[in-house]
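Below: the structure, in structure tokens.
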Amino acid sequence: MRKMIVAGNWKMNTTLPEGEKLVKELVDLLSDYKGEKGIIIAPPFTHLNAVNNLITNTSIHLAAQNCASEESGAYTGEVSAAMIAATGAKYVILGHSERREYFNESGETLLRKTQLTLQNQLNPIFCIGEQLTQRESEQHEATVKKQLEETVFKLPKSDFEKLILAYEPVWAIGTGKVASPEQAQEMHAFIRQLIVEKYDEKTAENMSILYGGSCKPNNATELFSQQDVDGGLIGGASLKAEDFRAIINS
Ligand code: PEP
């Protein structure tokens, strides 16, 4: 059975002391958490090791926000999948629209990163989603289909089923303009049907597909109650421990 998951993407926010404070608050707030949702936080690379120590024996799991597309070597400034795995992290966010847009990450690069992530026993949280112009010109389904076909649909089923997918309409990320529950459900059902066609019914049924884009405590319950929405990838609201807890409890 697929799992409901709430993952927090901190992006380039918090210094290490600020991040440690936020994690301690979260650990405190979630100390009696009895829910069934998986909880993941993705702080900056520089925090991974320290955060991992703070969340040992809690219900919180650790993700990185990116990884290098090469295994190791002369790639100044990059952080490899093996390095991330050694911090204790179990997940890596890949394909986020900010990385696609500002760092020109292509489908080919993202597939390579996904493969390296999997080779290092890390689970990718793989993001897809259309731009506003693509939605306005009714290209949202075609866009998402293409994003899947040029990346993770090239994986064998045994690898693909280790992924978590995140549908993140770019027009909703950080804008306060959330997709309606109906828009989210429609896209998640569409993505799940693509997985049926590419792999099979069981793989599609078991895949967690998260919604991302201005998900907040006041809209999470309705979004998460949609049949094909299996939780959320949360940006801004994951930086406030109370808000993140409220979303987890939605
Ligand atoms: C994100 O960056 O993945 C995201 C969903 O951001 P926000 O919640 O701030 O829109």
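For region 137-154, the set of residues classified as more than 18 Å from the chain's Cα centre (by Cα) and part of a loop (DSSP other than H, G, I, E, B) consists of Ser137, Glu138, Gln139, Glu150, listed by residue number.
Scanning region 78-103 for residues that are under 18 Å from Glu149 (Cα atoms) and part of a loop (DSSP other than H, G, I, E, B) gives Gly95, His96. The set of residues in region 159-193 being over 23 Å from Gln134 (Cα atoms), assigned to a loop (DSSP other than H, G, I, E, B) and in contact with a Phe, Trp or Tyr (Cβ under 7 Å, 6 or more places away or on another chain) consists of Leu163 alone. Within region 20-27, does at least one residue satisfy the condition of being farther than 14 Å from Leu239 by Cα and open to solvent by 70 Å² or more (accessible area, probe 1.4 Å)? Looking for residues that are farther than 14 Å from Leu239 by Cα and open to solvent by 70 Å² or more (accessible area, probe 1.4 Å), one finds none in region 20-27, hence no.
Return the only residue of Thr143, Thr114, Thr133 being more than 16 Å from the ligand (Cβ to nearest atom), in contact with a Pro (Cβ under 7 Å, 6 or more places away or on another chain) and not basic (Lys, Arg).
Numbers: Thr143 fails: in contact with a Pro (Cβ under 7 Å, 6 or more places away or on another chain); Thr133 fails: in contact with a Pro (Cβ under 7 Å, 6 or more places away or on another chain).
After applying the criteria, what remains is Thr114.
A search for C-beta distances below 8 Å between a residue of region 91-111 that is open to solvent by less than 30 Å² (accessible area, probe 1.4 Å) and any residue that is among the hydroxyl-bearing types (Ser, Thr, Tyr), counting only pairs 6+ apart in sequence or on different chains, returns Val92/Thr117; Leu94/Thr114; Leu94/Thr117; Gly95/Thr151; Gly107/Thr151; Leu110/Thr151; Leu111/Thr151.
Going through region 196-217 one residue at a time, which ones are without any contact (Cβ under 8 Å) to a residue 24 or more places away in the chain and closer than 18 Å to Val144 by Cα?
We begin by selecting, within region 196-217, every residue without any contact (Cβ under 8 Å) to a residue 24 or more places away in the chain; these are 196-197, 201-202, 204.
Within region 196-217, Val196, Glu197, Ala204 meet the criteria.
Taken over region 194-222, the criterion of being within 16 Å of the ligand (Cβ to nearest atom), over 15 Å from Ile173 (Cα atoms) and open to solvent by less than 40 Å² (accessible area, probe 1.4 Å) is satisfied by Ser208, Ile209. Go through Phe126, Phe103, Phe160, Phe153 for me and flag whichever is in contact with a helix residue (DSSP H, G or I) (Cβ under 8 Å, 6 or more places away or on another chain), within 16 Å of the ligand (Cβ to nearest atom) and among the aromatic types (Phe, Trp, Tyr). Going through Phe126, Phe103, Phe160, Phe153 in turn, just one is in contact with a helix residue (DSSP H, G or I) (Cβ under 8 Å, 6 or more places away or on another chain), within 16 Å of the ligand (Cβ to nearest atom) and among the aromatic types (Phe, Trp, Tyr): Phe126.
The set of residues in region 118-163 being farther than 19 Å from Ala184 by Cβ, of a type in the set (Val, Ile, Thr) and buried (at least 21 other Cβ atoms within 10 Å of the Cβ) consists of Thr151, Val152. Please pick out the residue among Phe244, Phe190 that is in contact with a helix residue (DSSP H, G or I) (Cβ under 9 Å, 6 or more places away or on another chain), open to solvent by less than 30 Å² (accessible area, probe 1.4 Å) and within 22 Å of Lys3 (Cβ to Cβ). Only one candidate qualifies: Phe244. The strands (runs of 3 or more DSSP E) found wholly in region 1-75 and carrying at least 2 residues that are more than 16 Å from the ligand (Cβ to nearest atom) occupy 60-64.
The values are calculated or read from the model by the stated rules, or taken from the named source; none is laboratory data. The structure presented is a predicted model; accordingly, all values stated were derived computationally and were not measured. Glycine gets a Cβ as well: all are built from the backbone with ideal geometry, and neighbour counts include every protein chain shown. Heads up: the accessible areas ignore ligands, DNA and RNA and are worked out on the full protein's heavy atoms, side chains in. Shrake-Rupley method; radii C 1.70, N 1.55, O 1.52, S 1.80 Å.
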